[in-house]
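All remarks here apply to the structure that follows.
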């Protein structure tokens, strides 16, 4: 390289090297930090019962989401793993049905207890007669 006047090629290469160093520094600064593992039990796929797998992208803005290993359905993305797990597990219809089933099972249990008490009372009344 000439020390007095750099040629176009020398200037171009110097600029490209500087751009490369800046990009490397920027990537290092935005490199994702390790996050804690997701401590949430993930539900199976609502369509095919296969297991979900975590997907991610690391370009800013960083994000995570879950997709199905079987049918490739995807949940909404989130900025962290916990949010992605919550999005995957969010099943409003299934959750409403589960809640209703629990309510009905509690009601059945209550009615069975009342029936058992009524039968016991009837048994005692019949023995007295």
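Here, each number is a calculation from the coordinates, and none is a lab measurement. In this text, all values refer to a predicted model and were calculated from it rather than measured experimentally. A quick note on method: Cβ atoms are made from the backbone with ideal geometry, for glycine too, and the neighbour counts reach across all protein chains shown.
The figures follow:
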| read-out | value |
| --- | --- |
| Hull-based mean projected area of the chain, where the convex hull spans the alpha carbons, in square nanometres | 14.3 nm² |
| Shape of the range 68-118, Cα gyration tensor, a/c cut at 1.5 | prolate |
| Taking the chain and dividing mean pair separation by its residue count, relative contact order in percent (alpha carbons under 8 Å, at least six apart) | 13 percent |
| Residue 80 paired with residue 126, simple spin-label distance in nm, labels 7 Å along Cα-to-beta-carbon | 6.3 nm |
| Cα→Cβ-extended label distance, 7 Å offset, between residue 9 and residue 67, nm | 4.5 nm |
| Helix-only mean residue ellipticity at 222 nm for the chain, each DSSP H run of n ≥ 4 adding -39500 (n - 2.57), per residue, nearest 500 | -19000 deg cm²/dmol |
| Estimated FRET transfer efficiency when R0 is 41 angstrom, pair residue 49-residue 110 (beta carbons, to 0.05) | 0.80 |
| Gyration tensor verdict on the range 44-97 (Cα atoms; rounded if a/c is under 1.5, prolate if a/b is larger than b/c, oblate otherwise) | oblate |
| Tilt relative to the chain, helix 92-128 - C-alpha long axis, 0 to 90 degrees, to 10 | 20 degrees |
